[in-house]
Amino acid sequence: MVFLFGSRLNITMIDKFEIVGLIAGVLTTAAYVPQVYKTWKTKSAGNISLLMYITMFIGIILWLIYGIHLNSLAMVVANVVTAVLTMIILIFKIRYK
């Protein structure tokens with residue numbers, strides 16, 4: 001039994017759709033890793049759209065809030081990690097103009 005935001009989550013009985021959500025979260029979150037790595041390695045973010053990543057970050061935070069409301073482990077984990085990766089890209093965009 002795991003407590004997620006004040007509610008009990010029985011990990012041994014995760015719904016099959018929650019597993020689909022976890023797999024989807026891993027894949028969509030992993031899509032950000034190459035951009036973070038390339039920007040860090042080249043120290044160049046000139047071709048990255050600041051407005052797109054700001055908009056995306058806001059959307060991710062809203063999905064995170066929604067996931068917390070639904071008590072969805074998949075939505076919470078995926079959006080926390082994606083928010084961190086998106087924030088890193090935004091920091092690189094500002095730093096490596």
Lysines with Cα under 22 Å of Lys38, excluding same-chain neighbours fewer than 8 positions away: Lys93, Lys97
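Relative contact order for the chain using alpha-carbon pairs under 8 Å, separation at least 6, rounded to a whole percent? Can you show the working numbers first?
On the way: 87 pairs, mean separation 37.9, N = 97.
The value is 39 percent.
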About the Cα centre, charge dipole magnitude for the chain (Lys/Arg +1, Asp/Glu -1 at Cβ), debye: 540 debye
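Read-outs throughout are calculated quantities, based only on the coordinates presented, and are distinct from any laboratory measurement. None of these values were measured; they are calculated from a predicted model. Ideal geometry is used to build each Cβ from the backbone, glycine not excepted, and the neighbour counts take in all protein chains shown.
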